[in-house]
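Student: Let me give you the structure first, and then I'll get to my questions.
Every number in this text was worked out from the coordinates using simple rules, so none of it is lab data. Keep in mind that this is a model prediction, so the values were computed, not measured. As a convention, Cβ positions derive from the backbone with ideal geometry for all residues, glycine included, and neighbour counts pool all protein chains shown.
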Amino acid sequence: MEAAVVGSDAVVNLVGILYERGQRTFERLHVEAPRQLAQLDAD
């Protein structure tokens, strides 16, 4: 994920899923991933 945002001035999170499957959970995509993006942006 870090390689995708290096040098960016802004990051827009537009992920969404209709149902959970395996590791694609609502918690992971709507809580953990945005938290990681925010941390990358802060660094």
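Student: May I ask you to list pairs of residues, at least six apart or on different chains, whose Cβ atoms are under 6 Å apart, with the first in the stretch 17-43 being acidic (Asp, Glu) and the second being surrounded by 12 or more Cβ atoms within 10 Å (Cβ to Cβ) and not in a helix (DSSP H, G or I)?
Tutor: Listed by first residue and then by second, the contacts come to Asp41/Val11.
Student: Follow-up. Quick check: anything in the stretch 20-42 at negative phi and touching a Lys or Arg at 6+ places or on another chain (Cβ under 8 Å)? Give the steps one after another, and end with the answer.
Tutor: So the first thing to find is which residues in the stretch 20-42 are at negative phi, and the list is 20-21, 23-42.
Adding the requirement that they be touching a Lys or Arg at 6+ places or on another chain (Cβ under 8 Å) leaves none.
Taking every residue of the stretch 20-42 in turn, none turns out to be at negative phi and touching a Lys or Arg at 6+ places or on another chain (Cβ under 8 Å).
Student: Got at least one residue in the stretch 7-25 being in a helix (DSSP H, G or I) and surrounded by 10 or more Cβ atoms within 10 Å (Cβ to Cβ)? Steps first, answer last, please.
Tutor: Initial filter on the stretch 7-25 (in a helix (DSSP H, G or I)): none.
No, the stretch 7-25 has no match at all.
Student: Moving on to the next point. Do you know which of the residues in the stretch 26-43 that are charged (D, E, K, R) and over 8 Å from the mean Cα position of the chain (by Cα) is surrounded by the fewest Cβ atoms within 10 Å (Cβ to Cβ)? Please lay out each step first, then the result.
Tutor: Kept after step one, since they are charged (D, E, K, R), are these residues of the stretch 26-43: 27-28, 32, 35, 41, 43.
Within this subset, residues satisfying the condition of being over 8 Å from the mean Cα position of the chain (by Cα) are 27-28, 41, 43.
Values: Glu27: 9, Arg28: 13, Asp41: 12, Asp43: 7.
Out of the qualifying residues, it is Asp43.
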